[in-house]
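Structure record follows, encoded as structure tokens.
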Amino acid sequence: MLILAKTALAMMLGFIFAIVCGLIFIPFLKKINFRQHVSKMIGERHLAKEGTPTMGGVIFIVPVIVTIFLLYVRGSITLNHNLVILLFVFLSYALLGFVDDWLKVRYHNNDGLRISTKFLLQMCIALVFFYIFMKNGGEPVLEITSLRITVPLGWSFGLFILLVLVGSSNAVNITDGLDGLCGGLSVIAFVAFGILSWNATWMEGYQEVAIFSFVLVGSLLGFLLFNSHPAKVFMGDLGSLSLGAAMATIAIITRHELSLVLIGGVFVIETLSSIIQIIAIRKFHKKVFKMAPLHHHFEQLGWSETDIVKLFYVVGLLCTMAAITYGVWL
């Protein structure tokens, strides 16, 4: 019962603070003219969203930091190396996304940071992650618990961290294309990560990681009040990159890297659709999808935005239930 009480409190605090942040930040973003530029290539339907405030990720990022700080000051949680890693990655990718968003708004395009610059910064974040993890007794291995297989990675574990962080953050970023889509799927994903973290009793700071997950769930639910169709604000790269990086971090420190693929099933499918489309156009000069990523393909087929989001939620929920079964039971 104590676990349920802590989970409920974490979600409640995150939700309340997110509502307050939304009421404060959205008018502020409008005032400073921090608005989304929409590409004409996406379609006429999306042109109506031109000028919607972006960088709304602050609505769920600030509540998480404030709530974790208040719980720490109160003595309800402790500051351990796994929580430090998670907070560091979460905030670092948020800062990376902030710069990306600022450049897009500043120059009225969707270019943002150069790919080389972004990759270099992500590499630095991964190195800090690797250093803290190894310094505190982390084992550089990949575990497949269902098959009782442990793969030693040695120094290449740092490269593995980089690939998982980059892959996860970009996958979530690609999926952020419809009102409420990325936020809702992230709620489902972090509920799963919260459950998996509560079950990882062997890990130092498992309680803090679980509480972080559920605070973020509550904050995202609050954010969705402003982001669901029709969206009053977009999360921007500030939000999507930090969410993807947090998912990857929790998966790595809880040794559920394979579960990440299932939990983020829709994110994976969206990314694969983009990769397939790029290869098909460049190598065969043909399109596999009417438009990529996949949610735009459904739009081109005439589906309404809300119907696409509901379908993706269902698929995401099914994938997540399978992941929890695999991660906790098998």
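The numbers here are math on the coordinates, done by the rules we state, and not lab data. Remember, it's a predicted structure, so these values are computed and weren't measured experimentally. Note: ideal-geometry Cβ built from the backbone for every residue, glycine included; neighbour counts use all protein chains shown.
Region 92-160: which trypsin sites (Lys or Arg not before Pro) are DSSP loop and have at most 11 other beta-carbon atoms within 10 angstrom? Walk me through the numbers before you get to the answer.
Working: sites: K104, R106, R114, K118, K135, R148; in loops: R114, R148.
Qualifying residues, ordered by number: R114, R148.
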Legend entry - Helix 265-284 vs. the chain, principal-axis angle (Cα, 0 to 90°, nearest 10): 50
Inset, instruction - Kindly express, to the nearest 10 degrees and within the range 0 to 90, the angle between helix 181-199's C-alpha long axis and the longest C-alpha principal axis of the chain. - result: 10
Legend entry - Cα gyration tensor shape for region 53-124, rounded if a/c is under 1.5, else prolate or oblate: oblate
Inset, instruction - Take the eigenvalues of the Cα gyration tensor for region 2-329, scale each by 5, and report the square roots as semi-axes in whole Å, largest first. - result: 30, 24, 19
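Give me L317, L260, L162 ranked fewest to most by other Cβ atoms within 10 Å of their Cβ, as a rough exposure proxy. Let's see the in-between values first.
Working: L317 17, L260 27, L162 20.
Ordered from fewest to most neighbouring Cβ atoms within 10 Å, L317, L260, L162 come out as L317, L162, L260.
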Inset, instruction - Taking H placed 1.01 Å from N in the peptide plane, check which residues at least 5 places from L142 or on another chain put their amide H under 5 Å from its amide H. - result: V151, L153
Legend entry - region 1-142 shape via C-alpha gyration tensor axes, a/c threshold 1.5: oblate
Legend entry - region 94-249: C-alpha gyration tensor shape, a/c 1.5 cut-off, then a/b vs b/c: oblate
Legend entry - Positive-end extreme of charge dipole, the chain - chosen from Y72, V309, T201 (charges on Cβ): V309
Inset, instruction - On a 0 to 90° scale, report how tilted helix 115-135 is relative to the longest principal axis of the chain, with both axes built from alpha carbons and the result rounded to the nearest 10. - result: 10
Legend entry - Exposure proxy ranking, count of Cβ atoms within 10 Å, fewest first, for D100, D176: D100, D176
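What value, in deg cm²/dmol to 500, does the helix sum -39500 (n - 2.57) over DSSP H runs of n ≥ 4 give at 222 nm once divided by the residues of the chain? Kindly include the intermediate steps, with their values, before the conclusion.
Numbers: 13 runs with 231 residues, N = 330.
After summing the helix terms and dividing by residue count, I get -23500 deg cm²/dmol.
List M321, M291 from most exposed to least, where exposure is judged by having the fewest other Cβ atoms within 10 Å.
Working: M321 14, M291 18.
With the fewest neighbours first, M321, M291 line up as M321, M291.
Note down the magnitude of the dipole of region 63-219 about its Cα centre, charges +1 on Lys and Arg C-beta and -1 on Asp and Glu C-beta and zero elsewhere, to the nearest 20 debye. Write out the running numbers ahead of the final one.
On the way: 7 positive and 9 negative charges, 42 e Å.
Here the size comes out at about 200 debye.
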Legend entry - Most fluctuating residue given options G158, G194, G244, as computed from a GNM of the chain linking Cα atoms under 10 Å: G158
